[in-house]
């Protein structure tokens, strides 16, 4: 059985990590997988799913060589910029797949990051991109296009529905934010939008699920706007779906997104999604199931309509469920990834 090593920089659980774990669970009968990242919250998720974990002290060339020596893989599957570049320059003489989950700002300009990724790409056997926006925006796209393949994230609707089953009371919220509390997700903008919305609907309750380096900034802003009775920060949740299922609307204020998996997860639970017009969200959302916004005012108008007009909300909620079914692709995704692994082997 061929051995695939997944390498990730982050030690927490979010979009890319979710994709990797879903992929491993979908193909574990056909390949031997191991997961390597820094030690952190991710370990409990991997233990739950019985996935082999090789922790790294810090992402770097020597650590990659150490992990490769321990596991002896046939393919390295590196996720996002840093892991991809470090694996490329580790000189381990193995096939490498670079998998980009985000269309970061550096893609669009001539800078150190765009140049270094180009140099690293000569070592990649395949470059996987979660949305066309990534290759469209990369300044050196013409030089790597022969190695690239657009492959959207795995969507397993029945798996999401299964995770909301069980006992236990969960609070209800009007609006929910799900994602890392980091610059790309722009959680501070979410708080600003909620502040304006609460001036119109004083009873609105919101929830922010996730952790990150902007957590203290978020707490300060909530206190600054006197919203401690309106916005709850839960921190990281291993299973956010029960809270999402008890919420009415998902609001995404990302400055950039590669794919936007949480949007589909929300749609599968019947939540209309109000989001920024970035990355893969442009292909996921339409007027039947949500709204793509540019300005804070556009967010507020759509959120106001969803909260005020029950008929409008119900139409969007039903549209969300239908759109999720259209996007359900788990079997096809696993088949496609199996072909990629076999072709590289």
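No lab work stands behind these numbers, since they all come straight from the coordinates. Everything quoted here is computed from the prediction, not taken from an experiment. Neighbour counts are summed over all protein chains in view; Cβ atoms, including those assigned to glycine, are modelled from backbone coordinates with ideal geometry.
Hey, what number do you get for the chain at 222 nm if only DSSP H runs of n ≥ 4 count, each worth -39500 (n - 2.57), divided across all residues, to the nearest 500?
Details: 16 runs with 154 residues, N = 345.
Computed mean residue ellipticity for the chain: -13000 deg cm²/dmol.
Name the shape class, rounded, prolate or oblate, that the alpha-carbon gyration tensor gives for segment 1-65, where a ≥ b ≥ c are the square roots of its eigenvalues, rounded holds for a/c under 1.5, and otherwise prolate holds if a/b is larger than b/c and oblate otherwise. It would help to have the intermediate numbers written out before the result.
Working: a/c = 1.94, a/b = 1.26, b/c = 1.54.
Oblate.
Can you give the FRET efficiency to the nearest 0.05 for residue 52 and residue 110, using r as the Cβ-Cβ distance and R₀ = 51 Å? The partial results should precede the final answer.
Numbers: r = 40 Å, r/R0 = 0.78.
Plugging the Cβ-Cβ distance into 1/(1 + (r/R0)^6) gives 0.80.
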Set of segment 49-63 residues, backbone N closer than 13 Å to the point 7 Å along the Cα-Cβ line of residue 239: 49
Contour excess over end-to-end distance, with Cα ends at residue 318 and residue 158 and 0.36 nm allotted per residue: 55.9 nm
Full-extension gain in nm, residue 304 to residue 3, via 0.36 nm per residue minus C-alpha separation: 103.3 nm
Order of 175, 232 - criterion: other Cβ atoms within 10 Å of each residue's Cβ, fewest first: 232, 175
Gain on full stretching of the segment that runs from residue 70 to residue 226 - 0.36 nm per residue minus C-alpha separation: 51.0 nm
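Got a sec? How would 119, 177, 81 order by Cβ neighbour count within 10 Å, fewest to most? Mind dumping the intermediate values first?
Working: 119 12, 177 28, 81 21.
Final ranking by Cβ density, sparse to dense: 119, 81, 177.
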Shape call, segment 158-327: gyration tensor on alpha carbons, a/c limit 1.5: rounded
Projected label distance in nm at residue 32 and residue 332, using a 7 Å step from Cα toward the beta-carbon: 3.3 nm
Least to most buried among 305, 238 (fewest other Cβ within 10 Å first): 238, 305
Reduced Cα scattering model of the chain, Debye log10 I(q)/I(0), q = 0.13 Å⁻¹: -1.01
